[in-house]
Amino acid sequence: QVQLVESGGGLVQPGGSLRLSCAASGSISSINAMGWHHQSPGKQRELVAAITTGGSTNYADSVKGRFTIDRDNAKNTVYLQMNSLKPEDTAVYYCNLQGRRTSWAPVMDYWGKGTLVTVSS
C-alpha cells in the first residue's frame, strides 16, 4: 500500500499564505512525479502543480507566480507554498503521486485524502 498524508490546510485571509505538505510512505519502488490537485464544490478535480523526481515543474495558469512546489526526494515529501491567496483558491487540495510499487509494476496514480483550504475574510 502507498499512503499519502497531507497537512497544512486551514482558513486564511485573502492575500495570506499557507504551506501544504504531503509525505508518502509504504511500498514504493520508484516515483515519477508528485503534485497537488484541487477540487471545489461542483467542479472537477484540477491540477495545481506537479514536480518530477528530476525537478521539472508544471503549474496551472491560475497559480503561476503565486504558488511554488518543491520536493524532498529523500523524504518522499512534496510541499506547496501558496502566497497571495484568493477566495477562488478555496478548495480541497489533494496530494498525488505517480509511481511504481515494484520495479515491474505499472505506473499508477495514488491520492491522499485531501486537506481543506479556505480563503475568506
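The values are calculated or read from the model by the stated rules, or taken from the named source; none is laboratory data. Small disclaimer: the values here were computed from a predicted structure and weren't measured. When we count neighbours, we look across all protein chains shown, and the Cβ atoms used for this are built from the backbone with ideal geometry, even at glycine. Each accessible area value is taken on the protein alone, full model and side chains, heavy atoms only, with ligands, DNA and RNA left out. Shrake-Rupley method; radii C 1.70, N 1.55, O 1.52, S 1.80 Å.
Among the residues of the stretch 82-118, those that are assigned to a strand (DSSP E or B), over 17 Å from THR52 (Cα atoms) and among the aliphatic types (A, V, I, L, M) comprise MET82, ALA91, VAL92, LEU116, VAL117.
The lone criterion from (1) over 11 Å from the mean Cα position of the chain (by Cα); (2) under 25 Å from SER30 (Cα atoms); (3) surrounded by 11 or more Cβ atoms within 10 Å (Cβ to Cβ) left unmet by ALA91 is number (2). One residue stands out in the stretch 34-50 among those that are modelled with pLDDT under 95 and small (Gly, Ala, Ser): the one that is farthest from SER62 (Cα to Cα), namely GLY42. When ARG66 is tested against (1) open to solvent by 60 Å² or more (accessible area, probe 1.4 Å); (2) out of contact with any helix residue (DSSP H, G or I) (no Cβ under 8 Å at 6 or more places or on another chain); (3) among the charged types (D, E, K, R), only condition (1) is not met. Restricting ALA50, ALA24, ALA33, ALA74 to residues that are open to solvent by 30 Å² or more (accessible area, probe 1.4 Å), within 18 Å of LEU97 (Cβ to Cβ) and small (Gly, Ala, Ser) narrows the list to ALA74. Applying the set (1) farther than 16 Å from GLU6 by Cβ; (2) modelled with pLDDT under 95; (3) surrounded by 17 or more Cβ atoms within 10 Å (Cβ to Cβ); (4) not β-branched (Val, Ile, Thr) to LEU85 leaves exactly one unmet item: (2).
Would you point out the residue of the stretch 52-81, among those that are of a type in the set (A, V, I, L, M, F, W, C) and not in a loop (DSSP other than H, G, I, E, B), that is modelled with the lowest pLDDT?
Here the residue is ALA74.
For the stretch 36-47, the set of residues classified as on the phi < 0 side of the Ramachandran plot and surrounded by fewer than 15 Cβ atoms within 10 Å (Cβ to Cβ) consists of GLN39, SER40, PRO41, LYS43, GLN44, GLU46, LEU47, listed by residue number.
In the list ALA49, ALA33, ALA24, which residue meets the criterion of being within 24 Å of VAL119 (Cβ to Cβ), aliphatic (A, V, I, L, M) and assigned to a strand (DSSP E or B)?
Answer to the check: ALA49.
Any residue in the stretch 4-20 that's under 22 Å from LYS75 (Cβ atoms): show its pairings with residues that are among the acidic types (Asp, Glu) and assigned to a strand (DSSP E or B) at Cβ separation under 8 Å, as long as the two are six or more apart or on different chains. As it stands, the answer is LEU20/GLU6, since those pairs meet every condition given.
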